[in-house]
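The values are calculated or read from the model by the stated rules, or taken from the named source; none is laboratory data. The model shown is predicted, which means the values in this text are computed figures rather than measured ones. Glycine also receives a Cβ, built like all others from the backbone with ideal geometry; neighbour counts cover every protein chain displayed. To get the accessible areas, we keep the full protein, side chains included, count just its heavy atoms, and leave off ligands, DNA and RNA. Shrake-Rupley method; radii C 1.70, N 1.55, O 1.52, S 1.80 Å.
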Amino acid sequence: MIMKKKVPGIVKTDAWLEPVTNDVIARIERYREKLQQIEIHSGSLLKFSDAYKFMGIVYDAESKGWYYREWAPAAGALFLAGDFNDWNPRSHPLHQVGNGIWEIFLDEARYKKSFVHGSKIKVWVEGNNGFLPRIPAYIRRVVQDEDTKNFSGQLWFGKFDWKGDDFTINPEEKLFIYECHVGMSQEKEGLGTYNEFAETVLPWVKKCGYNAIQMMAIQEHPYYGSFGYHVANFFAPSSRFGTPEDLKALIKKAHELGIAVIMDIVHSHTVKNLNEGLNMFDGSDHQYFHPGERGIHPQWDSMLFDYGKTEVLQFLLSNVKYWLKEFHFDGFRFDGVGSMMYFHHGNGVIDSQYKYFTDGVEWDAITYLQLANKLVHTINRNAVTIAEDVTGMPGLAAPVAEGGIGFNYRLGMGLPDFWIKLLKETKDEDWNIYELWNVMNNRLPGVKTVAYAESHDQALVGDKTIAFWLMDQEMYWSMHVDNQNLVVDRGIALHKLIRLFTISLGGHAYLNFTGNEFGHPEWIDFPREGNNWSYHYARRQWSLPLNPSLKYKYLLAFDQQMIHLMRNRNVLNHEFAVQLNMDEANKTIVFSRGDLVFVFNFHPFSSVPDYIFTVPEQGEYNIVLNSDNKDFGGHGRIDETLSYPAVYNDQLGIFQLHLYVTNRTAIVLSKVK
């Protein structure tokens, strides 16, 4: 008797995947085989990911001293050097202990006065590429010399009291994420710190209504202008912004305020740098990475991990556990997932569901992502994982057991791309409301999506924020409250509509980048040679929305009300909105989501005094948010004190409501209980 294979869950919920059922089953089997190998290797996935407790510099209380261990299978010799031995590159050799691991023990009785907190170290590696000083792969702190600009590992034995930190994400509450970068989080022209962020930005996030922050540039990176995406030292929090204890204090304070902390983790690639990073660490080009061209990302000029290697898996999975356990992060936004999953890095043309499973698919990377998600949710079942992926890989946000990859959310990356393209290429009067609706709702059932109108990507030099696309140079001259300007009026109106339309339709969580809630002007440009190493555009101008004479306060006030309304009414708990009316002539869209009714009039000039539209049920409706309110920089054309009765239309068999719907306005209504 031939046994039928069980149909995976993602195939049951998506009939389009039926032709690739066997490929989905193969994905599950590859994961199970790798997990079994790990369990044979270490006993469990949790123990396998404890490598950070064994590798690198670890104090052994029983032996009363420090072990330093490094994996360097192709190296001919390794030597530990630093302040403790006056940087003698040959006096302290490591010896091999098997499986490519080298080790040295430093007795505390002998070295307690020289091998001390804050002192600097490097490891000299003898390999095919010479005899070179390197930074230990598992080092937990890396610092840069102000004079030479060279990086070194630093011994760090600091302690932190986590007592009282029992925060966990409420799985019933949707995420409203404030994407941020510590270094550029202050108004001063210089580097912001973890302590400054905790003192000034966290209370701001709380006041604005966001319940999570997504932190960029945490893992140490040699080039500040990379936005933290060219990581060199995976276990070291960036020393630019302060100490590891400063970062821990920031996270603890966020938790005290009820704010989850999500880390933007970069496991998709790493820097090519020999001095700071992992490239050719043991003298070969295939230690952590694929050899030859396959190991180099053609667009990012960086190195690509070999996810099929046990030691690489252990390095990365241990890194995941390290940040969760040692720093109490509440989850991760995994960078570059689309690049990881394909040999073509998501740049190939995918024109069928089948090709998602066959053409250029990097199976080892997918298995790694499944293991990483399994690990995260084993350590903390309420932790959140978010995938940065634009390819639409089926099952990305489905459980591993069902044939998925295991993420909680995917980023709705097509949404900001759509808005920017629309603003660049299409006149207001030519906006197609059906296209607006379809783009916002273009996601599979059951695939939780983080919706956003813009993130850091859209704010970088070379592009523009939505506010800057809308108002451009007029933001320099016409943002005073007494200055009447049609360009600014249009910009403020559409800025509000775009954000509300995105949050109310685009997904099950929402993301905003620092400062965009008030239409932060200009772009982000980190210090570099081309701008004379200026910090002028690598900061946030908090004084703008706090100045009562400037119109930025209107956008901030609207964003705060929008976030509080969406959170308090649990709007994102409902998977999709229900379309109630599509009116191309008046560029008006009406829909309900949860117990709220949303009315959007995108028309440049058409206001309808007695607009009639369908509502879900009979009763009185009140306005709970109106973008035309003068407090939000609107014209105050709508009376918000009125209640609007829904009247039954006998002929059509529906309930209808009459409302003055003004141009470039969004109105949210709630039925009176």
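Taken over the range 263-308, the criterion of being touching a Ser or Thr at 6+ places or on another chain (Cβ under 9 Å) and hydrophobic (A, V, I, L, M, F, W, C) is satisfied by Val271, Leu278, Phe289, Ile296, Trp300, Met303, Leu304, Phe305. A residue that is over 32 Å from the mean Cα position of the chain (by Cα), at pLDDT 95 or above, open to solvent by 60 Å² or more (accessible area, probe 1.4 Å) and over 30 Å from Asp285 (Cβ atoms) occurs somewhere in the range 117-124.
Yes or no, residue by residue, for (1) open to solvent by 30 Å² or more (accessible area, probe 1.4 Å); (2) of a type in the set (A, V, I, L, M); (3) touching a strand residue (DSSP E or B) at 6+ places or on another chain (Cβ under 6 Å):
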{"residue": "Lys321", "(1), (2), (3)": "no, no, no"}
{"residue": "Leu324", "(1), (2), (3)": "no, yes, no"}
{"residue": "Phe327", "(1), (2), (3)": "no, no, no"}
{"residue": "Asp330", "(1), (2), (3)": "no, no, yes"}
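Mind checking which residues of the range 48-69 are assigned to a loop (DSSP other than H, G, I, E, B) and over 27 Å from the mean Cα position of the chain (by Cα)? Selection gives Phe54, Met55, Ala61, Glu62, Ser63, Lys64. Could you grab me the full set of residues in the range 57-74 that are open to solvent by 10 Å² or more (accessible area, probe 1.4 Å) and under 13 Å from Gly98 (Cα atoms)? Matches in the range 57-74: Arg69, Trp71, Pro73, Ala74.
For the range 152-176, which positions are open to solvent by 20 Å² or more (accessible area, probe 1.4 Å), under 30 Å from Val116 (Cβ atoms) and among the hydrophobic types (A, V, I, L, M, F, W, C)? Result: Trp156, Phe157, Phe160, Trp162. When the range 13-47 is filtered for residues that are among the hydroxyl-bearing types (Ser, Thr, Tyr), in a helix (DSSP H, G or I) and closer than 19 Å to Leu375 by Cβ, the ones remaining, listed by number, are Tyr31, Ser42.
Let's see how each residue does on (1) touching a residue at least 60 places away in the same chain (Cβ under 8 Å); (2) farther than 14 Å from His255 by Cβ:
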| position | (1), (2) |
| --- | --- |
| Phe160 | yes, no |
| Lys163 | no, no |
| Phe167 | yes, no |
| His181 | yes, yes |
| Leu191 | yes, yes |
| Val205 | no, no |
| Gly209 | yes, yes |
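Of the residues making up the range 498-515, not a single one is more than 24 Å from the chain's Cα centre (by Cα) and without any contact (Cβ under 8 Å) to a residue 60 or more places away in the chain.
Looking at the structure I just gave you, is Glu529 free of Cβ contacts under 8 Å to residues at least 24 places away in the same chain and among the acidic types (Asp, Glu)?
Taking the combined requirement at face value, the residue satisfies it.
Taking into account only those residues within the range 127-143 that are in a strand (DSSP E or B) and either of a type in the set (Val, Ile, Thr) or at pLDDT below 95 (or both), which is surrounded by the fewest Cβ atoms within 10 Å (Cβ to Cβ)?
Out of the qualifying residues, it is Val143.
Set side by side, the residues Ile38, Ile10 differ, and just one is in contact with a Pro (Cβ under 7 Å, 6 or more places away or on another chain), touching a residue at least 12 places away in the same chain (Cβ under 8 Å) and not aromatic (Phe, Trp, Tyr), which is Ile10.
No other residue among Ala81, Ala109 is closer than 30 Å to Gly158 by Cα, among the hydrophobic types (A, V, I, L, M, F, W, C) and loosely packed, with under 13 Cβ neighbours inside 10 Å apart from Ala109.
Among strands (runs of 3 or more DSSP E) entirely within the range 540-656, having at least 2 residues that are among the aromatic types (Phe, Trp, Tyr) and open to solvent by less than 40 Å² (accessible area, probe 1.4 Å) singles out 596-601, 608-615.
Pick from the range 20-56 the residues that are among the polar types (S, T, N, Q) and open to solvent by 80 Å² or more (accessible area, probe 1.4 Å): which of them is modelled with the lowest pLDDT? Step through it out loud before you land on a result.
In the first step, residues of the range 20-56 are kept if they are among the polar types (S, T, N, Q); the result is 21-22, 36-37, 42, 44, 49.
Next, only the ones that are open to solvent by 80 Å² or more (accessible area, probe 1.4 Å) stay: 22, 36-37.
On the way: Asn22: 93, Gln36: 97, Gln37: 97.
Out of the qualifying residues, it is Asn22.
Looking at the range 84-106, which of its residues are under 39 Å from the mean Cα position of the chain (by Cα), open to solvent by less than 40 Å² (accessible area, probe 1.4 Å) and farther than 18 Å from Gly130 by Cβ? Residues satisfying the conditions are Gly98, Gly100, Ile101, Glu103, Ile104.
Among the residues of the range 9-66, write down those that are of a type in the set (Phe, Trp, Tyr) and either touching a Leu at 6+ places or on another chain (Cβ under 8 Å) or under 27 Å from Lys309 (Cα atoms) (or both).
Of everything in the range 9-66, those that are of a type in the set (Phe, Trp, Tyr) and either touching a Leu at 6+ places or on another chain (Cβ under 8 Å) or under 27 Å from Lys309 (Cα atoms) (or both) turn out to be Tyr31, Phe48, Tyr52, Phe54, Trp66.
Residue check: is Lys671 of a type in the set (Lys, Arg), under 22 Å from Asp428 (Cα atoms) and in contact (Cβ under 8 Å) with a residue 12 or more places away in the chain? Spelling it out, it is not the case that Lys671 is of a type in the set (Lys, Arg), under 22 Å from Asp428 (Cα atoms) and in contact (Cβ under 8 Å) with a residue 12 or more places away in the chain. Picking from residues in the range 171-205 that are more than 14 Å from the chain's Cα centre (by Cα), among the charged types (D, E, K, R) and within 25 Å of Gly412 (Cβ to Cβ), the one that is modelled with the lowest pLDDT is Glu172.
Table: residues versus (1) more than 24 Å from the chain's Cα centre (by Cα); (2) acidic (Asp, Glu); (3) within 30 Å of Tyr210 (Cβ to Cβ).
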site: His255; (1), (2), (3): no, no, yes
site: Asp264; (1), (2), (3): no, yes, yes
site: Asn273; (1), (2), (3): yes, no, no
site: Met280; (1), (2), (3): yes, no, no
site: Gly295; (1), (2), (3): yes, no, no
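Tallying residues that are over 20 Å from the mean Cα position of the chain (by Cα), within 20 Å of Gln299 (Cβ to Cβ) and either modelled with pLDDT of 95 or more or open to solvent by less than 30 Å² (accessible area, probe 1.4 Å) (or both) within the range 349-400 yields 3. The residues in the range 402-453 that are in a loop (DSSP other than H, G, I, E, B), in contact (Cβ under 8 Å) with a residue 40 or more places away in the chain and either under 15 Å from the mean Cα position of the chain (by Cα) or within 17 Å of Ile503 (Cβ to Cβ) (or both) can be counted, and the count is 8.
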